[in-house]
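Colleague: Take this structure first; my questions come after.
Read-outs: derived from the displayed coordinates by stated rules, not from any lab. Nothing here was measured: the structure is a model prediction, and the numbers come from that model. In this analysis, Cβ positions are derived from the backbone assuming ideal geometry, glycine residues included, and neighbour counts consider all displayed protein chains.
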Amino acid sequence: MFDITQLPPEQQLDFWLGDWDVSWGDNQHGTNRVVRILNGRVIQENFSGSPTIDFWGMSLSVYSSKLGQWQQTWADSEGSYWHFLGGVEGNQMILTTNDIVEGQPIMLRMVFYNIEQNELDW
């Protein structure tokens, strides 16, 4: 297994870089392009659910040495916007944010796990 805990904190999302074919549920698939931009300090994600769903999203992720954690901002074609915070726990990358659903506060978690050189679960 690829061990992200052995990497410097600012490189702990590098496993995610590249062009990905993604799949979920029953026969749904799309693509995800993840690259470093802005002198390599920012990770940009561009997700497309095409052709199975009409959905696109984009995120920017930055490691903050001041906070000692990753920050990610996500926006998508449905008008969603979230600001996640987090980092490595064990050999997982866990980012969280708070939201309100039907008037109730909830926590959203994004977890990258089973991380290998060319595959992962999310």
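Colleague: Counting only residues that are surrounded by 12 or more Cβ atoms within 10 Å (Cβ to Cβ), in contact (Cβ under 8 Å) with a residue 12 or more places away in the chain and more than 12 Å from the chain's Cα centre (by Cα), how many does region 51-64 have?
Modeller: Number of matching residues: 5.
Residues checked against (1) under 20 Å from Thr5 (Cβ atoms); (2) in contact with a Cys (Cβ under 7 Å, 6 or more places away or on another chain); (3) surrounded by 10 or more Cβ atoms within 10 Å (Cβ to Cβ); (4) not hydrophobic (A, V, I, L, M, F, W, C):
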| residue | (1), (2), (3), (4) |
| --- | --- |
| Gln71 | yes, no, yes, yes |
| Ile100 | no, no, no, no |
| Gly103 | no, no, no, yes |
| Leu108 | no, no, yes, no |
| Glu119 | yes, no, yes, yes |
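Colleague: It is to be established whether one or more residues within region 105-112 are out of contact with any Gly (no Cβ under 7 Å at 6 or more places or on another chain) and not in a strand (DSSP E or B).
Modeller: There is no residue in region 105-112 that is out of contact with any Gly (no Cβ under 7 Å at 6 or more places or on another chain) and not in a strand (DSSP E or B).
Colleague: Oh, and also: Being aliphatic (A, V, I, L, M) and buried (at least 17 other Cβ atoms within 10 Å of the Cβ) is the filter here; which residues of region 82-93 pass it? Spell out how you get there, then give the answer.
Modeller: Quick first cut of region 82-93, residues aliphatic (A, V, I, L, M) only: 85, 88, 93.
Hits for region 82-93 are Val88, Met93.
Colleague: Taking the options Leu67, Leu95, Leu108, Leu38, name whichever one is hydrophobic (A, V, I, L, M, F, W, C), touching a Ser or Thr at 6+ places or on another chain (Cβ under 7 Å) and without any contact (Cβ under 8 Å) to a residue 60 or more places away in the chain.
Modeller: So the residue among Leu67, Leu95, Leu108, Leu38 that is hydrophobic (A, V, I, L, M, F, W, C), touching a Ser or Thr at 6+ places or on another chain (Cβ under 7 Å) and without any contact (Cβ under 8 Å) to a residue 60 or more places away in the chain is Leu108.
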